[in-house]
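What follows is a set of notes on a single structure, which appears directly below.
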Amino acid sequence: MKPSKIAAEKGYDQVLWLLNGEITEVGAMNIFFVFERDNGKKEVVTPPLSRGDILPGVTRQSIIELASTWEDHDVVERNITIEEVAAAVRAGTLVEAFGAGTAAVVAPIECISYKGEDLEIAATGNVTQRAWDELMDIQYGVVDHPWSFKVNEHISTIESFEQDDPQLCVYT
């Protein structure tokens, strides 16, 4: 696809897809944004499925369900515009962003290019790491969970993201 080729030529890994200024997905992944709110809570936001243009991914739903149990977080499915994201980056209230999908599980986003400006985001924050850790622990049977079924008692350990792990930069 032409947008992906242009993004790659400019040094970005993925394309952030917009529909009338509203964010839909990143590459072939669902997208999550984490905002720091005035009350000290974090708000985990992902676009809703209601328009019919966003894949109802299993990883997306799993993250929504897991994060909904975290006491210091609110999970919200709502439309979010690129302008809101840009303003939050500039204000320092967008603290994390990540893509989520079957292959990547979660992929931190460290930069969004918008109107010639690189909007820098701290990659692999606490929410991104926690989503990764909890999903991997469930997937590999490290913890008992209603979603998992053990087929092999020999479980390998799951390592956390390392600082040198590649991060996503997205292009709009």
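The values are calculated or read from the model by the stated rules, or taken from the named source; none is laboratory data. Because the structure is predicted, anything quoted here is derived from the model rather than measured. Positions of Cβ are generated from backbone atoms using ideal geometry, with glycine treated the same way; all protein chains shown enter the neighbour counts.
Whether any residue in region 6-15 is among the β-branched types (Val, Ile, Thr), surrounded by fewer than 21 Cβ atoms within 10 Å (Cβ to Cβ) and either part of a strand (DSSP E or B) or modelled with pLDDT under 95 (or both) is what I want to check. Yes, some residue in region 6-15 is among the β-branched types (Val, Ile, Thr), surrounded by fewer than 21 Cβ atoms within 10 Å (Cβ to Cβ) and either part of a strand (DSSP E or B) or modelled with pLDDT under 95 (or both).
Here is a yes/no grid of residues against (1) surrounded by 16 or more Cβ atoms within 10 Å (Cβ to Cβ); (2) at pLDDT 55 or above; (3) within 18 Å of the chain's Cα centre (by Cα):
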site: GLU117; (1), (2), (3): no, yes, no
site: ALA123; (1), (2), (3): yes, yes, yes
site: TRP132; (1), (2), (3): yes, yes, yes
site: LEU135; (1), (2), (3): yes, yes, yes
site: ILE138; (1), (2), (3): yes, yes, no
site: TRP147; (1), (2), (3): no, yes, no
site: ILE158; (1), (2), (3): no, no, no
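Look at region 138-150: where a residue is closer than 18 Å to VAL105 by Cβ and a partner is of a type in the set (A, V, I, L, M, F, W, C) and modelled with pLDDT of 85 or more, sitting 6+ places away or on another chain with Cβ atoms under 6 Å, you get HIS145/ILE138; TRP147/ILE138; SER148/ILE138.
Scanning region 43-89 for residues that are closer than 12 Å to ALA100 by Cβ and in a helix (DSSP H, G or I) yields VAL58, THR59, ARG60, GLN61, SER62, ILE63, ILE64, LEU66, ALA67. For ASP38, state whether it is touching a Phe, Trp or Tyr at 6+ places or on another chain (Cβ under 9 Å), over 16 Å from PHE98 (Cα atoms) and in a loop (DSSP other than H, G, I, E, B). Considered against the rule, which asks whether it is touching a Phe, Trp or Tyr at 6+ places or on another chain (Cβ under 9 Å), over 16 Å from PHE98 (Cα atoms) and in a loop (DSSP other than H, G, I, E, B), ASP38 comes out as no. Scanning region 91-103 for residues that are under 10 Å from the mean Cα position of the chain (by Cα) and either more than 19 Å from VAL45 (Cβ to Cβ) or of a type in the set (Asp, Glu) (or both) yields a single hit, GLU96.
When every residue of region 96-112 is checked against the conditions, none turns out to be more than 16 Å from MET29 (Cβ to Cβ), free of Cβ contacts under 8 Å to residues at least 24 places away in the same chain and either of a type in the set (Gly, Ala, Ser) or touching a His at 6+ places or on another chain (Cβ under 6 Å) (or both). Filtering region 21-35 for residues that are touching a residue at least 24 places away in the same chain (Cβ under 8 Å) and in a helix (DSSP H, G or I) leaves an empty set. Among the listed residues LEU18, LEU55, which satisfies the condition of being surrounded by fewer than 16 Cβ atoms within 10 Å (Cβ to Cβ), farther than 22 Å from GLN139 by Cα and at pLDDT below 95? Only one candidate passes the filter, namely LEU18. Filtering region 90-99 to residues that are in a helix (DSSP H, G or I) and among the charged types (D, E, K, R) leaves only ARG90.
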